[in-house]
Each structure stands twice: as structure tokens, then as C-alpha cells.
1. Kindly evaluate ARG320 against the criterion of being within 15 Å of the ligand (Cβ to nearest atom), open to solvent by 30 Å² or more (accessible area, probe 1.4 Å), touching a residue at least 12 places away in the same chain (Cβ under 8 Å) and out of contact with any strand residue (DSSP E or B) (no Cβ under 9 Å at 6 or more places or on another chain).
2. Return the residues of segment 216-225 that are near the ligand (Cβ under 8 Å from one of its atoms) and surrounded by 17 or more Cβ atoms within 10 Å (Cβ to Cβ); say none if nothing qualifies.
3. Kindly provide the set of residues from segment 408-427 that are part of a helix (DSSP H, G or I) and of a type in the set (Ser, Thr, Tyr), ordered by number.
4. Among GLU83, GLU99, GLU88, which is at pLDDT 95 or above, more than 18 Å from the chain's Cα centre (by Cα) and acidic (Asp, Glu)?
5. Taking segment 105-135, which residues are in a loop (DSSP other than H, G, I, E, B) and farther than 28 Å from LEU41 by Cα?
6. Yes or no: ILE138 of a type in the set (Val, Ile, Thr), touching a residue at least 40 places away in the same chain (Cβ under 8 Å), touching a helix residue (DSSP H, G or I) at 6+ places or on another chain (Cβ under 9 Å) and outside any helix (DSSP H, G or I)?
7. Give ALA293, ALA331, ALA340 a once-over and let me know the one that is over 22 Å from ASN23 (Cβ atoms), open to solvent by 40 Å² or more (accessible area, probe 1.4 Å) and free of Cβ contacts under 8 Å to residues at least 12 places away in the same chain.
8. Name the single residue that is most open to solvent (accessible area, probe 1.4 Å) among those in segment 111-140 being out of contact with any Gly (no Cβ under 8 Å at 6 or more places or on another chain) and under 24 Å from GLY224 (Cβ atoms).
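The values are calculated or read from the model by the stated rules, or taken from the named source; none is laboratory data. If you're wondering where the values come from, they're calculated on a predicted model, not measured in any experiment. Methodologically, a virtual Cβ is constructed for each residue, glycine included, from the backbone with ideal geometry; neighbour enumeration extends over all protein chains shown. We work out accessible area using only protein heavy atoms, side chains counted, and drop any ligands, DNA or RNA first. Shrake-Rupley method; radii C 1.70, N 1.55, O 1.52, S 1.80 Å.
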Amino acid sequence: MSLYTMTIDGGDTPAASTFGVVNPATGEVFAQAPQCTREQLDDAMESATHAFVCWGASEDTVRRAALRNIADALTTAQDQLAELVTKEQGKPRGAAAFEVSETARWFRYFATLPLQSETVQDDAMGHAIVVRRPLGVIAAITPWNFPLLLLGMKLAPALLAGNTIVLKPSPYTPLSTLVAGRLIAGLLPPGVLNVVSGSDELGAWMTSHPAVRKISFTGSVATGKAVAGAASPDLKRFTLELGGNDAAIVLDDADPARVAAGLFWGAFTNNGQICAGIKRVYVPDRLHDAVVAALAERARRVRVGNGMDDGVQIGPINNRPQFERVSGLVADALAEGASAAAGGRPVDRPGYFFEPTILHGTREGMRIVDEEQFGPALPIMRYSDLDEAITRANATPYGLSGSVWSSDAERASRVAAQLDCGSAYVNTHLVVQPHLPFGGWKWSGIGIENGPWGLDAFCSLQVRYSPRAQV
Ligand code: NAD
């Protein structure tokens, strides 16, 4: 069985104990990952603190060159990394390869992004510029749905700004991060990036560690609240990218056959395990049956299987607790009177496979509508009045993204403008790009990733002012 190592202070670092990593397509442990001790975390933090002295003061040209080298190295290692992502996460090989290439694209984008100094005053009184300075040591914590892409969204801007990092992946998907992290750290001075792995408790140690100046966290709302609490005694900065319960609203002029593909993949990409995926659909009475039928037809036709096999479009759910949660939410909806137009049950095979499920007869008050299901089950709901549908779409503590589907893009755009969320789409969903600000409203998060806004989140602004009159 393969043994993986952490990267601390530039060196391969094993741990005294390990934990098993399960392949969700088989339900069996296939590798062991290191369980970082508290002393090893202290070593990683000390190394990052030490490395910050030089890295934080380095020329940004040096840091940009490093980001380009990282992008090239990820591209070269694409096949090896994609295989690991599929084995530990479950997604199909093609989707895993796409995740690696997207991660490289994030590093390339940030390599070109200006780290601006702005002159904000230049007059008879004095001269003032605003410069961006790095924060220090960043604790970067990622979930299991996109282990590499989410790492890229944190590391690329954090490194460009001049910060040093201690990175921890989810215990369900540590391997691709350990391997990619080793690769990336090897292209940086020792200590600029340290990669540790372990259980959830390791995340809590990181967020309360005195060396950390900022926590960059992606994960669930419940953990996000714990992270915010852990940050407060030391007033650490934090960015929280949390869960979502995105609504899609279909307008009465939409063509069900034309919107079905976009709606389906807006919900079922990554087997529904995507923060900003469609989690609820509102359909006018007149189109309800046609939309349900078109989505159900796709759900029955999509090829579910082991992500290593050719032609598979949807893999297993990543882990047993999540599989049980999705199974429970669907069973609960069916017991409360919903019907499954497609799917509705686990697939009878080893691993954590669940049938792509289209539910109708669902309503607010059912858990699958009110909570984030984060899996392959989509509730469809009727509406008779558009204003009422908008109100229902917004009646959630989440606010990540939302979408409106119509044959009239301008009309849809006016409806999208009424959605309370960080990204509002027309006739599409799931558009996450390096140059677009990504962040949640309400419980879906605090702060922004990507674009110049995401870079600013890893900087402190400093005003440099000098009066005209000489002393
Ligand atoms: P999770 O919150 O359980 O875990 C996320 C990470 O936090 C893991 O690395 C975990 O080990 C760590 N962790 C757990 N307890 C911790 C603690 N007390 N302190 C610090 N770290 C701790 O989330 P998950 O189940 O891995 O991921 C799924 C969730 O992530 C979903 O809710 C999904 O919507 C969300 N997500 C959000 C985004 C976004 O950008 N908004 C992107 C992807 C996933």
C-alpha cells in the first residue's frame, strides 16, 4: 500500500501514524496518509514564519516566475494527479484531468495579475500612495470535492502577495494535495509552502495557532462558524467559502428541451458535490411536467460508474457519511410525499453510488429543499407567480449563486438582479473563473476569492504619506 509524506520546511516528512484513504468507487482503503502531530504542525508554522522574512520581501517578478513554473509543473504531472483525484475523490478521469488543468490556469492567471500601488494624493499638501503588503502565515484548509482546484484558488493569490502557507486538505482527499503540494513546494524556497494532513482536529489546531495571520477556509457552514470563532481571540483575518442552496428559476417562456442540459449539468456536475451547483429548481405550472420529464430522461441516461472506466460521466459520492446523508434526505422527501421521476435509491454495488435522482412534489419544509444536499438528488418545485418564486428562491440562509432560464435573456437578467446571492446567472450556472469574484452572501461565506478582489484578501493595505513641506 502506498505511503505518502507531508512537506515541512522543504523536506519530505512522514508521520508516526497514518490513516486510511478510501476509494469511494470500491469502499476500500487503498492508501495511507500521514497523521500530522502537534509538534509537526509547530514545525510547519515555524518554517512558514521563518520563510516569510525573505519571501514577503522578495520582488514580485520572482513570485510571478514561481507561479508560472508551478503551472507548468502541474500540467506536466496532469495524468498522475488526475489518477489520484479519481481514486480518492471519485470523479471521472476526464473531470479530474480538467480539474488539474484548471488549477494550472489559476496559477497562470495570478502570475499576470498586477499587485498595484495606487497614488491617491499628489498635491500641494503631500504625496500618498497605497501599497499592498503580505499578511504573513496563511492557514489554508480545503474540502474534498475539488481538492486541487480549491488549493489553487488559495495558493496562487497568497503566494503572489508574498505570504507563506501551511496547507491542509480534507482527510477524505489528502493524497492529490500531498503530491501536488510536494511538487509546488519544490519550486519555492523551503518553508514558503508546507503541506500537512490529518483529521479535522488538525484544522482546529491550525486555526488557533499563534503563527497564523489569516485563515483561508473552504468547507461547510458548520465548520466555517467554528473557524470564525477560533479566529476571533487573536483577531486573525479569515475568508470563508461555505455551502450553498442555489435556486434555478425557469421562466414561462423557456423551452424545456433547450434548458434541460444546462439545468442537469448545473446540478449534477461532480455528482452534485459542488458548493455553487443548482440545488433547487422552480418551474412554472405550465412547464412543470415537461421540465421534470426532460431532466428525468437525462438522469436515467447518464453513465454512472467507477471514474477510472471509460465513458463514465458521474462517479460515486465521495464518502460514507455523505452517501448516508444524501440517501437519508431522499428517503425523507419520498416519505413526505415527493415522487422520484428518476433514481431515488443507492445503486446496488460496492462503493458509495447513488442513482441520479429527480424529485417532484417537493416543497419548502422538506429537508432536501431547505438544506444543502451536496449530492446527486435534485428537487423540482412548481410556482404559479414569478414574484412568489423569487421570494422562495431567496428564502434561505444561503446565498452563493442562482440562475434564471428563459428564451428572453433581458427578461431573465431583470429577474436575476433580484436574487440575493454572490453570482447570478442567465441561462447558465456554475461559471467560476479566475478573473470573476467568487463569494457567498449570508451563510455562504465571508470575503471573496479570485480576481483582484481575491488577491486583496491576502494583502494588508498600507498608506505611505509624505508632506510636501520639508521638516
Ligand atoms: P467540512 O467543513 O467538513 O471540512 C472542510 C475542511 O475543514 C476539511 O479539511 C476538514 O478537515 C476541516 N475541518 C473540519 N473541522 C474543522 C475545524 N473545527 N477547524 C478547522 N478545520 C476543520 O466540509 P466538507 O464536508 O469537506 O466539504 C463540503 C462542504 O464544503 C459543503 O458544504 C460545500 O458546499 C462546501 N464548499 C464550499 C465551496 C465554496 O467555495 N463556497 C467550495 C467547495 C465546497
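1. Values: within 15 Å of the ligand (Cβ to nearest atom): yes; open to solvent by 30 Å² or more (accessible area, probe 1.4 Å): yes; touching a residue at least 12 places away in the same chain (Cβ under 8 Å): yes; out of contact with any strand residue (DSSP E or B) (no Cβ under 9 Å at 6 or more places or on another chain): no.
It is false that ARG320 is within 15 Å of the ligand (Cβ to nearest atom), open to solvent by 30 Å² or more (accessible area, probe 1.4 Å), touching a residue at least 12 places away in the same chain (Cβ under 8 Å) and out of contact with any strand residue (DSSP E or B) (no Cβ under 9 Å at 6 or more places or on another chain).
2. Matches in segment 216-225: PHE217, THR218, GLY219, VAL221, THR223, GLY224.
3. Selection gives SER413 alone.
4. Numbers: GLU99 fails: more than 18 Å from the chain's Cα centre (by Cα); GLU88 fails: more than 18 Å from the chain's Cα centre (by Cα).
From the options GLU83, GLU99, GLU88, the qualifying one is GLU83.
5. Selection gives LEU113, PRO114, LEU115, GLN116, SER117, ASP123, ALA124, MET125.
6. yes
7. The unique qualifying residue is ALA331.
8. Looking at the filtered set, the residue picked out is LEU135.
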